[in-house]
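A quick write-up on the structure given underneath.
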Amino acid sequence: MKMKIKNIVQLSIIAVLLCFKINAQNYQPLNIVNGFNADLIANGNGPASSSTTQSVDDPVNGYVFMSTDFINGSNVAPTSGLPSNGLINSVNTSGLSFQLAPYTADNSLRLENTNDSGVLTFNANPKASKVYMLATTGSGSSSAEIIVTFTDGSNQTFSDQNINDWYYADSYAIWGIGRVSRVTDNIENSTDNPRLYEIALPISSTNQAKNIANISVTKTSSAMGILCVFGFSYVVANSCIAPDTVSATNITADSAEISWNSISGATSYEIYRSLSNTAPNGSTPATITGLSGTSAIIQGLSPATSYYVWVRSNCGGSSTSDWSPAFANFTTLCSSVNTPYTENFDSANWYIPNCTSYEDLSTGGSWGVIDATGLAGFSSNVLYTFTSDQNDSNTWFYTNGIHLVAGNTYVLTFDYADYESPQSFQVVYGSSPTSSAMNNLIQDYSDVNVGTSTPASLTLTPTVTGVYYLGFNVYTPASSGFFGALFLDNLSLVQGNLGTSDHTLDKNKIKVYPNPTTHYLYVKNDQKIMTVNIFDSSGKKVLSADRVDEKIDVSQLLQGNYFITLKLADGTTYSQKFIKR
């Protein structure tokens, strides 16, 4: 019995180790045997110039790296430096290490001028899923083209690779290693700088089954930065290869279709979905498994949410690939809302609120949110867009999609103001947040010159039930010598009453009557009426009052259609159409 238990434990341990071996990243250094052209690491006893051949930065300064066992010509030892054994364990990527070439010979490929290049060969020809280059730049940053050539003669090119200056940048493998001048022999100790950086070069799934023959590096930047390459390491290619192309299409409010490239030998695929861009590792469990084919629809997503998705191959049994080096990032669409719809922009900061959008068909007509307290009579955040004295404006702001019912009339209220110069805009609604779909004009405001926050109340009655977007289109012509802006605030869309009969909102026991009327409107309600605003059919406010007790005198209004908006003591607002005879 004890023997059986022992065997079971041993098998369990083996299974765990096997699973770890299959899924863990296996990093290996590439030992360079040919291609270096400079010794940039001072070592041993004596002046730095005696153990190095060139400098990392401008030769006028002549700074180089130094080993921890270096002692300069004045018999001074550094308090920091590169490890004396040349082994660098990356502080950026756990498990990754680089083996520097001996400090007593050329240990770097130094590329000073544009189009300078070199080819590095190695003591082995491994298969890799990713290659890491250890490099830095003296006297500024640099860019390079890196070509990985395989033994079958094919290659993979990595263009426009940026290599940072050896001070202060991120993605470093080692930092705080100090430096010494070949010119003055002065040692500069530091716990922060200089730095050697790791540059990741993902090998495509097609090339992971191939053996690496050599790697060439060409400096492509024209700036004075001196590119210095010190080593390469790689991730051993898994026999089960991961897809390297992942995309998301057909995105809705609660689903998306994920696609990836086919991998030879894969029997199925797995998906990992996350709200974070932190890449999964070998022990990260899949969100979805057992997927055949090269696409899948993931469902049950939340609206207006950003997702990250990785894919890996399953080659049978417990053999799975690494997670794909590339991931798909997408944001689900916003779900439509019902009335009442409100937006006062107070929760936004600089950028327009989530689930709204804008479309600029002119030059520089973006929309944003600012605190307009003290400007044009506003006291909080407003939506704004600037207009120019050089170009005609044509820019749109769209609300979230709002579900509207055919035949129902809705009341749209908002506050607006021009700033610094007159503005022209129109209010429209349509079936999608694009200018081509904005086919239903609600009101045109040409040459607005009010200068202060002005309320508007408009109505719309869709003929077809569906989801609609409100659009505010600023079309201010180029002005003479003035820039300007349009401010919008307190958007509200509620269902109103379009009938001529008395209308009662039972929930709040509000009654506005008679309708039509000739002299007075009477208001009955359990709550106090804090404010009353009456708008004509163009949206212009024609009458207002505070703390109405029972009746409102409308005898001075011209005959026509009007909207009355009531603000109650609890902060709620109700609007109703009435006819003045």
(request) Only one of these is surrounded by 14 or more Cβ atoms within 10 Å (Cβ to Cβ), among the β-branched types (Val, Ile, Thr) and at pLDDT 85 or above: Thr517, Thr531. Name it. (result) Thr517
(message) Within region 83-126, considering only strands (runs of 3 or more DSSP E) that don't extend past its boundaries, which have at least 2 residues that are touching a residue at least 24 places away in the same chain (Cβ under 8 Å) and surrounded by fewer than 19 Cβ atoms within 10 Å (Cβ to Cβ)?
(response) 97-99, 117-122
(request) List every residue pair whose Cβ atoms lie under 8 Å apart, where the two residues are 6 or more positions apart in sequence or sit on different chains, the first residue falls within region 199-226 and is part of a loop (DSSP other than H, G, I, E, B), and the second residue, located anywhere, is basic (Lys, Arg). (result) Ile203/Lys130; Gln208/Lys127; Ala209/Lys127; Lys210/Lys127; Asn211/Lys127
(message) For region 306-364, give me the residue count where each residue is within 24 Å of the chain's Cα centre (by Cα), among the small types (Gly, Ala, Ser) and more than 30 Å from Ala209 (Cβ to Cβ).
(response) 7
(request) Could you please find all residues in region 534-549 being at pLDDT below 85 and in contact with a Lys or Arg (Cβ under 8 Å, 6 or more places away or on another chain)? (result) Phe535, Arg547
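Quick one: which strands (runs of 3 or more DSSP E) lie wholly within region 374-447 and hold at least 1 residues that are surrounded by fewer than 17 Cβ atoms within 10 Å (Cβ to Cβ) and at negative phi?
402-404
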(message) Give me the residue from region 258-268 that is buried (at least 16 other Cβ atoms within 10 Å of the Cβ) and touching a strand residue (DSSP E or B) at 6+ places or on another chain (Cβ under 8 Å) and, out of that set, nearest to Ser336 (Cα to Cα).
(response) Ile258
(request) Collect the residues in region 287-317 that are over 11 Å from Ser268 (Cα atoms), outside any strand (DSSP E or B) and without any contact (Cβ under 8 Å) to a residue 40 or more places away in the chain, keeping them in residue-number order. (result) Thr287, Thr305
(request) Tell me, please, whether a residue that is in the same structural domain as Leu196 (by TED's automatic domain parsing) and modelled with pLDDT under 95 can be found in region 63-72. (result) no
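If a residue has to be under 50 Å from the mean Cα position of the chain (by Cα) and within 15 Å of Tyr520 (Cα to Cα) to count, how many in region 549-575 make the cut? Lay out the reasoning, then the answer.
First, pick out the residues of region 549-575 that are under 50 Å from the mean Cα position of the chain (by Cα): 561-575.
Imposing the further condition that a residue be within 15 Å of Tyr520 (Cα to Cα) reduces the set to 561-564.
Residues in region 549-575 being under 50 Å from the mean Cα position of the chain (by Cα) and within 15 Å of Tyr520 (Cα to Cα): 4 in total.
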(message) I'd like the full set of residues that are under 16 Å from Ala304 (Cα atoms), of a type in the set (Ser, Thr, Tyr) and either surrounded by fewer than 19 Cβ atoms within 10 Å (Cβ to Cβ) or without any contact (Cβ under 8 Å) to a residue 40 or more places away in the chain (or both), limited to region 318-346.
(response) Thr331, Ser335, Ser336
(request) Please work out which residue is modelled with the highest pLDDT, limiting yourself to region 15-60 and to residues that are among the charged types (D, E, K, R) and surrounded by fewer than 21 Cβ atoms within 10 Å (Cβ to Cβ). (result) Asp58
(request) Kindly check whether there is at least one residue in region 179-195 that is part of a strand (DSSP E or B), among the acidic types (Asp, Glu) and surrounded by fewer than 18 Cβ atoms within 10 Å (Cβ to Cβ). (result) yes
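The values are calculated or read from the model by the stated rules, or taken from the named source; none is laboratory data. Every value quoted in this text rests on a predicted model; they were computed, and no experiment measured them. Quick reminder, even Gly has a Cβ in these numbers, built from the backbone with ideal geometry, and neighbours come from all protein chains shown.
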